[in-house]
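This report concerns only the one structure given below.
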Amino acid sequence: MSRHALSLTINGERYDAEIPAGMSLLELLREEFGLTGTKTNCLEAECGVCTVLLDGKAVNSCITLALQCQGSSVTTIEGLAQGGELHPLQQAFIEGGAVQCGYCIPGMLLSAKALLDANPLPDEAAIREGLAGTLCRCTGYQKIVDAVGRAARQMAQVRP
């Protein structure tokens, strides 16, 4: 099997690898680089637990070919907190009891970040739509929706 050179930025750091053409971004993150915060589940883009940000857009890493990411910037859950400080979304999820088993939470948080980057003060309907691609079996979603709204309001207060 032939291998191909790949260079990309993950969580602000440059990564280089020689990978097979059919490797998914999910496999690259978990198996090549040990970034296991991105979860594996359906492998069909149905559940959203593998969501990462690719050049700021939420994508299902299980169906994204790693080679498509050449030169791109990827943010995983490991890169959401900065300088030892939780991202306001992470803090709001904790404070609001939005985390139960935690399996879907990396995908939820990154979907929420993409939403808030595009729409800093979404209403509840927009939050629900922004999170619709990630399934949760524990919380019933309301606490997650509330946490995203709380984080949006908090972040809007600190923006210039």
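Every number here is computed from the coordinates shown, using simple stated rules; none is lab data. These figures come from a predicted structure and were not determined experimentally. Don't worry about glycine lacking a Cβ; one is built from the backbone with ideal geometry, like all the others, and counts go over all protein chains shown.
Structure notes:
- Residues satisfying the stated conditions in the stretch 93-123, i.e. farther than 19 Å from residue 49 by Cα and either over 15 Å from the mean Cα position of the chain (by Cα) or of a type in the set (D, E, K, R) (or both): 95, 96, 117, 119, 120, 121, 122, 123
- Reported count of residues in the stretch 18-35, each being part of a strand (DSSP E or B) and free of Cβ contacts under 8 Å to residues at least 40 places away in the same chain, is 2.
- Filtering the stretch 88-104 to residues that are without any contact (Cβ under 8 Å) to a residue 60 or more places away in the chain, under 21 Å from residue 61 (Cβ atoms), surrounded by 12 or more Cβ atoms within 10 Å (Cβ to Cβ) and touching a Lys or Arg at 6+ places or on another chain (Cβ under 9 Å) leaves 93, 99.
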